[in-house]
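Q: Okay, here's the structure, questions in a sec.
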Amino acid sequence: MNSSGITFVSTKKEKKRFLEFVYTLNEGENHFIPPLRMDQKKLIDQDKNPFFKNAEIALFLAEKDGKDVGRIAAIIDHRYNDYHGTKTGHFGFFDCIHDQHTANLLFRVASDWLKERGMEDMLGPSNPSMMDELGVLVDGFDKDPYVMMPWNKFYYDALIKNAGLEKAQDLLAYLISTETADIERMQRAADIVLKRNPGLRLRNVNLKKIDKEIKIIRNIFNEAWKNNWGFIPLSEAEFQAAADDLKMIVNPDFAYIVEDEGEAVAFSIGIPDINKVLKTMNGNLFPFGIFKLLWKKGKLSSLRTALMGVLPKYQGKGVDALMNNESVQTGLRYNDVITSEMSWVLESNKDMIRVAERLGGTLDKTYRMYSKKL
């Protein structure tokens, strides 16, 4: 450790401290959902996380009076830079006590590490990739986050800006409820879409043929999102890893593929909001957490539309209306699925914002990404 109180994390014991810090910092916070420790461990494991086939990471811990007071990761995603033609480094896993000096130190060591490796700017937080948990919560602190969305203390935005970073993009979370959605209007819109495009057919994702379905979804996703801010195409290994994690919790009744004359053109994946269960598990899946998770999965009253993609030539044709209508109708049949979070939506994606608003969605939370020239 140097005199500044920063440790470059390298040993197994230090990695454990790095991961544990978020739990101790947020102990007693009613709206903090302790993430599963096994998942967090895998995220930074350079042997097990396929993201690191094309990326590198450095972890730093800040200490004060013998106690851990902050953490940050510096990340270089080579595929991101190849795809965008940039020299962008990322930061992630930022957590800190309410102390500007500590935050400044953390951002300085992360910036220096990236600069030494030729990076010209820094973007984040991404934990660790742009397809993992993103952003800092800047409003809605009095509510639980939905599954795979972050929660943090109210002062993070100020700490980050005062450390010399500025807002790069806001990621929006819309809440759609079967009570506020105009169900009849949604059904009419879906009927019109089918009348105009009689070849369209919506079906549920088939979990028995999941490997085949993953290929279909990945192809649509990479094509649909290619022009969006911050996007990079997901590799087969990355998509497979994400699918393996989701398989246990996805309810196929809320996971759809739309075909036109048999050709897949769109998909939508709704994930049950298992945060309601994770909240009671303190980050541990074993010994009994897994049974609690599996038992309650079918009883959850909310879900998150986390992934959606429509092939470019089908965008603007209302295909998303078909999937959204099906999701709401299924929720009504279940009788207990009351709310769905559509997240995240880029603040620059005006088309998706209009879709959310047409569905009767209300802006519920805002997450922020930050950048800085190095």
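Q: Just checking, which of Thr366, Thr330 is outside any strand (DSSP E or B) and of a type in the set (Ser, Thr, Tyr)?
A: Thr330
Q: For segment 336-374, which positions are in contact with a Lys or Arg (Cβ under 6 Å, 6 or more places away or on another chain) and among the aliphatic types (A, V, I, L, M)?
A: Leu374
Q: While we're looking at this one, here's another question. Check whether at least one residue in segment 238-256 is modelled with pLDDT of 90 or more and among the hydrophobic types (A, V, I, L, M, F, W, C), and report yes or no.
A: The answer is yes, given that some residue of segment 238-256 is modelled with pLDDT of 90 or more and among the hydrophobic types (A, V, I, L, M, F, W, C).
Q: Restricted to segment 165-197, and to residues that are in contact with a strand residue (DSSP E or B) (Cβ under 8 Å, 6 or more places away or on another chain) and small (Gly, Ala, Ser), which residue is modelled with the lowest pLDDT?
A: Among those residues, the one meeting the criterion is Ser177.
Q: Let me ask another. Can you tell me which residue in segment 241-258 is surrounded by the most Cβ atoms within 10 Å (Cβ to Cβ), limited to those that are free of Cβ contacts under 8 Å to residues at least 60 places away in the same chain and either under 16 Å from Pro50 (Cβ atoms) or not hydrophobic (A, V, I, L, M, F, W, C) (or both)?
A: Only one residue tops the list, namely Asn251.
Q: Ile76 - would you say it is in contact with a helix residue (DSSP H, G or I) (Cβ under 8 Å, 6 or more places away or on another chain) and closer than 26 Å to Ile274 by Cβ?
A: no
Q: Tally time: how many residues in segment 86-117 are in a strand (DSSP E or B) and within 10 Å of Ala73 (Cβ to Cβ)?
A: 5
Q: Of all residues in segment 10-35, which are touching a residue at least 60 places away in the same chain (Cβ under 8 Å) and assigned to a loop (DSSP other than H, G, I, E, B)?
A: Those that are touching a residue at least 60 places away in the same chain (Cβ under 8 Å) and assigned to a loop (DSSP other than H, G, I, E, B): Asn26, Glu29, His31, Phe32, Ile33, Pro34, Pro35.
Q: Applying the selection to segment 333-361, what residues are surrounded by fewer than 22 Cβ atoms within 10 Å (Cβ to Cβ) and assigned to a helix (DSSP H, G or I)?
A: Arg333, Tyr334, Lys350, Asp351, Met352, Ile353, Arg354, Val355, Glu357, Arg358
Q: Could I ask something else about it? Output the residue which, of all residues in segment 169-225 that are among the small types (Gly, Ala, Ser) and over 24 Å from the mean Cα position of the chain (by Cα), is nearest to Arg304 (Cα to Cα).
A: This residue is Ala181.
Q: Right, here's the next one. Taking the criterion of being at pLDDT below 90 and outside the structural domain of Met148 (by TED's automatic domain parsing), would at least one residue in segment 258-265 satisfy it?
A: Checking segment 258-265: not a single residue is at pLDDT below 90 and outside the structural domain of Met148 (by TED's automatic domain parsing).
Q: Looking at Ala74, Ala55, can you tell me which residue is buried (at least 21 other Cβ atoms within 10 Å of the Cβ), at pLDDT 95 or above, touching a strand residue (DSSP E or B) at 6+ places or on another chain (Cβ under 7 Å) and not assigned by TED's automatic domain parsing to the domain that holds Thr280?
A: So the residue among Ala74, Ala55 that is buried (at least 21 other Cβ atoms within 10 Å of the Cβ), at pLDDT 95 or above, touching a strand residue (DSSP E or B) at 6+ places or on another chain (Cβ under 7 Å) and not assigned by TED's automatic domain parsing to the domain that holds Thr280 is Ala74.
Q: Then there's this: If we scan segment 280-294, do we find a residue that is assigned by TED's automatic domain parsing to the domain that holds Ala356, part of a loop (DSSP other than H, G, I, E, B) and at pLDDT 85 or above?
A: Scanning segment 280-294, I find no residue that is assigned by TED's automatic domain parsing to the domain that holds Ala356, part of a loop (DSSP other than H, G, I, E, B) and at pLDDT 85 or above, so the answer is no.
Q: Let me ask something additional. Which residue pairs have Cβ atoms under 8 Å apart, sit 6 or more places apart or on different chains, and have a first residue in segment 38-62 that is closer than 14 Å to Phe239 by Cα and a second that is small (Gly, Ala, Ser)?
A: Asn49/Ala241; Pro50/Ser235; Pro50/Ala237; Pro50/Ala241; Phe51/Ser129; Lys53/Ser235; Lys53/Ala237
Residue-wise test of (1) assigned by TED's automatic domain parsing to the domain that holds Ser302; (2) acidic (Asp, Glu); (3) touching a Leu at 6+ places or on another chain (Cβ under 6 Å); (4) at positive phi.
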{"position": "Lys143", "(1), (2), (3), (4)": "no, no, no, no"}
{"position": "Lys161", "(1), (2), (3), (4)": "no, no, no, no"}
{"position": "Leu165", "(1), (2), (3), (4)": "no, no, no, no"}
{"position": "Arg196", "(1), (2), (3), (4)": "yes, no, no, no"}
{"position": "Asn204", "(1), (2), (3), (4)": "yes, no, no, no"}
{"position": "Ile214", "(1), (2), (3), (4)": "yes, no, no, no"}
{"position": "Asn222", "(1), (2), (3), (4)": "yes, no, no, no"}
{"position": "Lys226", "(1), (2), (3), (4)": "yes, no, no, no"}
{"position": "Trp229", "(1), (2), (3), (4)": "yes, no, yes, no"}
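The values are calculated or read from the model by the stated rules, or taken from the named source; none is laboratory data. This is a predicted model, so every value here is computed, not measured. As a convention, Cβ positions derive from the backbone with ideal geometry for all residues, glycine included, and neighbour counts pool all protein chains shown.
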